[in-house]
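All remarks here apply to the structure that follows.
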Amino acid sequence: VLPGIIPTAGWGDEWGNGPAWDSAFFYICDEIYRFRGDREILQENAACLMRYLDFLTHKVREDGLIAYGLGDWNPVGRGSWDCKSPLAFTDTVLSMDNCIRAARMFRVLGYSLQAEFAEAFSMRLRKAIRDELVNFSTMTVAGECQTSQAMALYYGVFEPEERDAAFARLLDLIRETDEHMDVGILGARVL
């Protein structure tokens, strides 16, 4: 578990965390490597990245989804907890992205077993999202909101042949709010 606030004075392990916020660990390692080509940060953190992925496997529910943490925190014009996008969607899609990033970093290091594990886990999570949270008759993601739709497009939940219809649905959701953003932090980041 990563605390929701770092540095922490001992609180934050049971509140304020979750895959959406823990993804900073994956992003920092991946982006530093991407911009600097510095394999040292990957080497120093590989074991911890793998431990976190193992931790996530224990958070998977029977339906294949993950749901704990803050989710699409602080949506504009609503209370901090009043998120339209289901926590099971935001946590699972960001866990999927963390797996994809981890697999890429493990490949750089030549850690093929860890990379294969991360890739297989990401595919399992993507399948669960598609099976449980996508209405393919309307190409709409659970929550029927800008955050869910934009995140699904950004993180590759839709197949290439589905993307145009899913994007058209996102535009409809934006038009429904007089072309205003109706998202929290996670939706804003990708919209």
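The values are calculated or read from the model by the stated rules, or taken from the named source; none is laboratory data. Source: prediction; values computed, not measured. Please note: Cβ atoms are built from the backbone with ideal geometry, for glycine as well, and neighbour counts cover all protein chains shown. Only protein heavy atoms, including side chains, enter the accessible area calculation; ligands, DNA and RNA are left aside. Shrake-Rupley method; radii C 1.70, N 1.55, O 1.52, S 1.80 Å.
In this structure, ARG107 and ILE5 have a Cβ-Cβ separation that, at R0 = 30 Å, corresponds to a calculated FRET efficiency of about 0.40.
Note on the chain: GNM, Cα springs under 10 Å; of GLY71, GLY18, GLY37, the largest mean-square fluctuation is that of GLY37. The range 137-151 to the range 160-180: how many Å between their Cα centroids? That distance is 8 Å.
Here the label points at GLU144 and HIS180, each 7 Å from Cα along the C-beta direction, are separated by 2.0 nm in the simple model. Entry comment: accessible area of the chain is 51 Å² per residue, from protein heavy atoms only and a probe of 1.4 Å.
Projected label points at TYR27 and ALA120, each 7 Å from Cα along the beta carbon direction, are separated by 3.0 nanometres. Computed over Cα pairs, the Kirkwood radius of the range 32-191 leads via Stokes-Einstein (1.567 mPa s, 4 °C) to a diffusion coefficient of 78 µm² per second. Ligands, DNA and RNA left out, the accessible area of the chain computed with a 1.4 Å probe is 54% carbon and sulfur. Can you tell me the 0 to 90 degree angle between the C-alpha axis of helix 112-133 and the longest principal axis of the chain, rounded to 10? Taking Cα atoms only, the helix is inclined about 20 degrees. Translational diffusion coefficient of the range 130-191 (Stokes-Einstein, Kirkwood radius from Cα pairs, 20 °C, 1.002 mPa s): 188 µm²/s.
Extension gain for the segment ASP38 to GLU161, taken as residue separation times 0.36 nm less the Cα-Cα distance, is 40.6 nm to one decimal.
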